[in-house]
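Single-structure report; data block below.
The values are calculated or read from the model by the stated rules, or taken from the named source; none is laboratory data. The model shown is predicted, which means the values in this text are computed figures rather than measured ones. Cβ: placed from backbone, ideal geometry, glycine included. Neighbour counts: every protein chain shown.
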Amino acid sequence: MREGKLRDLHDLFQALADDNYRIVGPKRRGDDVVFAELASMEDYEAGYVCTANSAKDFIFARTEPILAYDYDATQTRVRDLLLDVYPPTVIIGRPCDARGMQSLDAVFAGEYEDDFYLKRRAATLIVAVSCTAADDACFCTSTGGRPDGVEGADILLTPLPDDGYYVETGSAKGEELLAKYEKIFAPAPERALRDHAIETAYKDLRHDLTEAPERIKPWLDNFANYDSEKWPKMAFRCLSCGACTYVCPTCHCFDIVDEGKLGVGERKKNWDACQFDHFTLHASGHNPRARQPLRWRNRFTCKFKIFLDKWNLPGCVGCGRCIRVCPVGQDITEVMAAVAELGE
């Protein structure tokens, strides 16, 4: 890991823009701050805790044509839509956003490889900016994260009192970026300045659930609890609207459908959600998760058991987006606490 100091984020933005990078970061849109393309540093919203959407929007497309087809009376023609080159992109977000990328990488670049995801991911640099504040929905330390975590990031920037940034690399890509733009970086200052900058975020974070995952996983591992009578109560408020899955940085379910008209069309990959009532509907008409508590159980189990079993990574990074967006106040940390209590 290399360390250094970035005097001004404008310098990095300009250097990347000069090299034709598409820059994605937090941008004010009405009352919300969202991940969006930034035309200039004037678009960059520095004083935010968490964006409304997640950075996965720019790696794992909401809807994406994967092939095109047309046919007539004599033949059917199929055309591959995978591009050779995707635009070089830099995503500037929080450490929880970078950590979410690790989980997506495990899904789409592991045993089964998604070429569309891999092409975008290879063209993308992840720049994480350490949190200097948090709100009551933030709980990253309860899922193994930190407001200054470098996991999943190519470069971590921590704001310093003099408006500069303490720089740490988290990957070979990050090392290459520091070498390429070495003129805008200076030697690293005392690390104590960096640590002081994030003290407020650590104080604001929820810490009451830090040990909860250690009790949650064994309870979920016990198959006797799969049909526990506790699930309906824990999931009572959920409307199965799917909002939580769409803003989550690690949710990755999708469907593949053919869309078109007579003689021509496209096969598309569209985001889906395990909270929808038809998500597991079989062609026979049987639905193994016909009731909403069963769908909530699936999502919670995916976050705190399945991800860990399959990839030894968290399915939840504690960003709190699902808490902020839920129209009825369903709070995943309340379920974490309830399951942790059952697992004691």
Take TYR112 and decide whether it is in contact (Cβ under 8 Å) with a residue 40 or more places away in the chain and either buried (at least 22 other Cβ atoms within 10 Å of the Cβ) or more than 21 Å from HIS196 (Cα to Cα) (or both). no
Kindly indicate whether any position in the range 196-210 is in contact with a helix residue (DSSP H, G or I) (Cβ under 6 Å, 6 or more places away or on another chain) and either modelled with pLDDT of 95 or more or aromatic (Phe, Trp, Tyr) (or both). no
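Please tell me if SER240 is more than 30 Å from PHE60 (Cβ to Cβ), modelled with pLDDT of 90 or more and not in a helix (DSSP H, G or I). Step through it out loud before you land on a result.
On the way: more than 30 Å from PHE60 (Cβ to Cβ): no; modelled with pLDDT of 90 or more: yes; not in a helix (DSSP H, G or I): yes.
No, not satisfied.
Output the number of residues of the range 268-294 satisfying the condition of being of a type in the set (Lys, Arg) and at pLDDT below 95. Write out each step before concluding.
Taking the range 268-294 as the starting set, the residues that turn out to be of a type in the set (Lys, Arg) are 268-269, 289, 291.
Those left that are additionally at pLDDT below 95: 289, 291.
Matching residues across the range 268-294 total 2.
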State all residues of the range 211-270 that are of a type in the set (Val, Ile, Thr) and over 19 Å from the mean Cα position of the chain (by Cα); if no residue qualifies, say none. ILE216, ILE256, VAL257, VAL264
Quick check on LEU67: is it touching a residue at least 12 places away in the same chain (Cβ under 8 Å), in contact with a Leu (Cβ under 8 Å, 6 or more places away or on another chain) and assigned by TED's automatic domain parsing to the domain that holds ALA201? no
Using beta carbons and a limit of 7 Å, which pairs, at least six apart or on different chains, have the first residue in the range 221-238 and in contact (Cβ under 8 Å) with a residue 60 or more places away in the chain and the second one among the polar types (S, T, N, Q)? ALA235/GLN292; ARG237/GLN330; CYS238/GLN292; CYS238/GLN330
Looking across the range 297-314 at residues that are farther than 19 Å from PHE276 by Cα and in contact (Cβ under 8 Å) with a residue 24 or more places away in the chain, the single one that is surrounded by the most Cβ atoms within 10 Å (Cβ to Cβ) is PHE304
Do you know which residues across the range 188-211 are farther than 21 Å from THR333 by Cβ, among the acidic types (Asp, Glu) and not in a helix (DSSP H, G or I)? GLU190
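Residues checked against (1) surrounded by fewer than 17 Cβ atoms within 10 Å (Cβ to Cβ); (2) of a type in the set (Ser, Thr, Tyr); (3) at pLDDT 95 or above:
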site: ARG22; (1), (2), (3): no, no, yes
site: PRO26; (1), (2), (3): no, no, yes
site: GLU37; (1), (2), (3): yes, no, yes
site: GLY47; (1), (2), (3): yes, no, no
site: LEU83; (1), (2), (3): yes, no, no
site: PRO87; (1), (2), (3): yes, no, no
site: GLY100; (1), (2), (3): no, no, yes
Out of the residues in the range 159-179 that are more than 24 Å from the chain's Cα centre (by Cα) and touching a residue at least 12 places away in the same chain (Cβ under 8 Å), which is farthest from PRO147 (Cα to Cα)? LEU178
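With more than 26 Å from GLU175 (Cα to Cα) and of a type in the set (Ser, Thr, Tyr) as the only criterion, which of TYR69, TYR21 stands out?
Working: TYR21 fails: more than 26 Å from GLU175 (Cα to Cα).
Just a single option satisfies the conditions, and that option is TYR69.
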Hits in the range 49-63 (condition: over 15 Å from THR250 (Cα atoms) and surrounded by fewer than 17 Cβ atoms within 10 Å (Cβ to Cβ)): THR63
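Restricted to the range 53-96, and to residues that are of a type in the set (A, V, I, L, M) and assigned to a loop (DSSP other than H, G, I, E, B), which residue is farthest from the chain's Cα centre (by Cα)? Steps first, please.
If we filter the range 53-96 for residues that are of a type in the set (A, V, I, L, M), which is where we start, we get 55, 59, 61, 66-68, 73, 78, 81-83, 85, 90-92.
Subset that is assigned to a loop (DSSP other than H, G, I, E, B): 59, 61, 73, 81-83, 85.
Working: ILE59: 10, ALA61: 12, ALA73: 46, LEU81: 25, LEU82: 23, LEU83: 24, VAL85: 23 Å.
Step by step, filter the range 53-96, then rank; the result is ALA73.
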Among ASP148, ASP135, which is assigned to a loop (DSSP other than H, G, I, E, B) and surrounded by fewer than 21 Cβ atoms within 10 Å (Cβ to Cβ)? ASP135
I'm trying to understand the selection: among the residues of the range 242-296, which are surrounded by 18 or more Cβ atoms within 10 Å (Cβ to Cβ), over 30 Å from ASP70 (Cβ atoms) and of a type in the set (Lys, Arg)? ARG289, ARG295
